[in-house]
Structures are given as structure tokens and as C-alpha cells.
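Visitor: If you scroll down you'll find the structure; I have some questions about it.
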Amino acid sequence: MKVLLAILTAAVLAGSALPARAADDTKLKAATQQVQTGARKIGDGEVGSGAKETAKGIGNTIVEGAKYSGHTIKDFFSRVFGS
């Protein structure tokens, strides 16, 4: 679990450190919101459904964070070296 949390943290930090287009991060923000919603459910006593939603949210955050980072890196190199 610590490894997954470290990967998630790295993906979020890498995504937030790079300049980005506003439209690209909407799916990433939705995925992180899914993690927060699941965590709230766990706190409210709905452990089963909360853990399921949190796990899905973590997976979605990793996927969307990787896509987001890939797009921003591509944009950076396109600007530096041209199309």
C-alpha cells in the first residue's frame, strides 16, 4: 500500500509541477475526487463501498496522471524543438 501511495503522490506532484493546458487535467481532478469520496465513505462507516471506490479512484488517478504527464511532456518538447 505504501508503494501505491508513493506512486500516486509522485504522479500528482509530477503533473502539478509541469505547465499544462486546463482541459487536460479535468479527468485527473475527477479521479482524485473519486479517491476523496471513497475515503469519506470509509470514514462514514461504509467500508466496503468506500474501499472499492478509493481503489478505483487510485487506479484512475495513476492512469490519468500518466496521460496528463505524457501530454505535458509532449507539449514541452514540441515547443522546444518544434513540431
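Visitor: Order F81, F76, most accessible first, counting only protein heavy atoms with a 1.4 angstrom probe.
Guide: F81, F76
Visitor: Extending each Cα 7 Å along its Cβ direction at S78 and V3, get the distance between those two points in nm, one decimal.
Guide: So the two model labels end up 3.5 nm from each other.
Visitor: Ignoring ligands, DNA and RNA, please state the percent of accessible area on region 24-83 from carbon and sulfur, probe 1.4 Å.
Guide: The nonpolar share, carbon plus sulfur, comes to 60 percent.
The values are calculated or read from the model by the stated rules, or taken from the named source; none is laboratory data. What you are looking at is a predicted structure, and each value in this text was computed from that prediction instead of being measured. No Cβ is skipped: glycine too gets one built from the backbone with ideal geometry, and neighbour counts run over all protein chains shown. Ligands, DNA and RNA are excluded from the accessible area calculation, which covers all protein heavy atoms including side chains. Shrake-Rupley method; radii C 1.70, N 1.55, O 1.52, S 1.80 Å.
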